[in-house]
1. Once you have the Kirkwood Rh of the stretch 199-266 from its Cα pairs, apply Stokes-Einstein at 4 °C and 1.567 mPa s and quote D in µm²/s.
2. Using only alpha carbon pairs under 8 Å that are at least six residues apart, calculate the relative contact order of the chain and give it in whole percent.
3. Any idea what log10 I(q)/I(0) is at q = 0.21, 0.22 Å⁻¹ for the stretch 1-113, Debye with uniform C-alpha scatterers and no solvent?
4. Using only the alpha-carbon atoms, how far is helix 351-361 inclined from the longest principal axis of the chain? Give it as 0 to 90 degrees, nearest 10.
5. Between beta-carbons, use under 13 Å as the cut-off and find the net charge around ILE57, counting Lys and Arg +1, Asp and Glu -1.
6. Using θ = phi - 60° and the Karplus relation 6.51 cos²θ - 1.76 cosθ + 1.60, list the HN-Hα couplings for the stretch 125-133 in order, rounded to whole Hz, with x at every Gly or Pro.
7. Note the listed values (1) 175; (2) 158; (3) 210, then indicate which one is volume of the Cα convex hull per residue in Å³ calculated from this particular structure.
8. Using the Karplus equation 6.51 cos²θ - 1.76 cosθ + 1.60 (θ = phi - 60°), what ³J(HN,Hα) coupling, rounded to whole Hz, does each residue of the stretch 192-198 give in order, writing x for Gly and Pro?
Amino acid sequence: MAPRVRFAPSPTGYLHVGGARTALFNWLYARHQGGTFVLRIEDTDVERSSADMVTGILEGLRWLGLDWDEGPGVGGPHAPYFQSERLERYRNAAAQLVNDGHAYYCYCSPERLRDAREHAERRGEAWQYDRACLALSRERVAELEAAGAPRAIRFKVPPGTTVFDDAVHGRIEFDTANIEDFVVQRSDGHPTYHLSVVVDDVDMVITHVIRGDDHISNTPKHVLLFQAFGAPTPQLAHVPLILGSDRKRLSKRHGATSVTEYKRQGYLPEAMVNFLALLGWSPGDDRELMTPAELVESFSLETISGGNAVFDTEKLDWMNGQHIARMPVEALAHAVEPFFREAGLALPDSADSSHRLLELLRPRARRLTDFVELGRPFLVDTVEYDQDAIDKHLSSPELGSHVAALVTQLRSVIPFDEPHVEAAVRGSAAERGIKAGMLIHATRVAVTGRTTSPGLFEVLALLGKPITIARLHHLVRYLRTGPDWNRRPED
């Protein structure tokens, strides 16, 4: 049968980078194999789960372009896909384990378990549950049941070795002597993670489980549960963890970890998908820039690395810039528009003008947010001069007269395009007996307020003659009278 994979986030937080990478690997495998990608929500932790977090997770997946074939908003033959709506199914499954002799009721109080654990720790011993309740007589069990004593259900771990073949790590073995009889249903009737995840995988006919390395220690328990239910164990693939630059597990201290935060910071979903895919996986060649379609075509479990991957923000910025460079300008205009709007700015109404501006700014942009700051001088009435620009380029006492002379030159430039503007600036500098750089730097400060910008002559041509001359006039006034920010440069 075609593979069936699943991504099963817990809505106790937004979709983080690690979860997004896991979802991506599952999605890529399903799409490559022509299989089914199931999304289910593990929301049995009632106190920490919230509808807002569910919405955030779904929005994050949609932003990345990871569509699901079964799950919330889509439905499917194995609904419901929220664990909170499947509680009765888990209780029946736990009861089945008891009836089949694979589990037993545990009446131990939290106090008794805590005391036993602390006593073992004082002796310097590792503690495991001592199976006290497995040894209870039928009469004692009947007394506890009649008294309505709270009871959990524990899985009875059989002796021997639990073995599974991992698509990433190969054959893995666990001695079950090191696995205690674990709880599958709490005394409040709620399932533990181990029970609910296995029951769901069985009911939803999941054939492949692709998840993080941190679940390897849980896997022998899950294998035992699959066997107890008489169900085949899915093919397992545990993918490497994502580490920060300090080689510690990625967390908030390393910067943004929520997928939606990267969206707000101006990253493209295509770039984020490309970057996440290469955290622990390789196409088998030296390609780094790949479209989602190319990733789907190349993806396989066999080329997932067993070593942990490092999240390198500089690499992500570079990759995002490369994807920006490859975008059709129409798509780029659509992508940057919300960022300009949020900043209180608007691109020119003319598509030709806005596209010319974006093409001018594109080589310097690594994030969509960069377009806002780079484009601000082109979209505001007034530019303010950075102090650094003032100190570096506006200190010459003769500069005012040089700029005034340039204004005279520029008035006669027709057409006001890049080569004619450059000739006028350089010609004016030569006539005044000064280096062209002095006039170029001052002009850049006049029209952008900054020490750096795209090519100055391209900037002037795009701004046009009226705005260029107005801003140069403003600089002349500034140089002669000092700053006066109450006046518009076009006045």
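The values are calculated or read from the model by the stated rules, or taken from the named source; none is laboratory data. Bear in mind the structure is a predicted one, so any value in this text is a computation, not a measurement. Cβ sites come from the backbone with ideal geometry, for glycine too, and all protein chains shown count toward neighbours. Ligands, DNA and RNA are stripped out before the accessible areas are found, and what is left, the full protein with its side chains, is counted by its heavy atoms. Shrake-Rupley method; radii C 1.70, N 1.55, O 1.52, S 1.80 Å.
1. 89
2. In percent, rounded to a whole number, it is 12.
3. Debye curve over Cα of the stretch 1-113, log10 I(q)/I(0) at q = 0.21, 0.22 Å⁻¹: -1.12, -1.18.
4. 80
5. Working: positive: ARG40, ARG62; negative: GLU42, ASP43, ASP52, GLU59.
Charge balance near ILE57 sits at -2.
6. For the stretch 125-133, the Karplus-derived couplings read 10, 6, 9, 10, 4, 8, 6, 4, 7 Hz, x marking Gly and Pro.
7. The listed entry that was calculated here is (3).
8. Whole-Hz 3J(HN,Hα) from phi for the stretch 192-198: 7, 4, 4, 6, 4, 5, 6.
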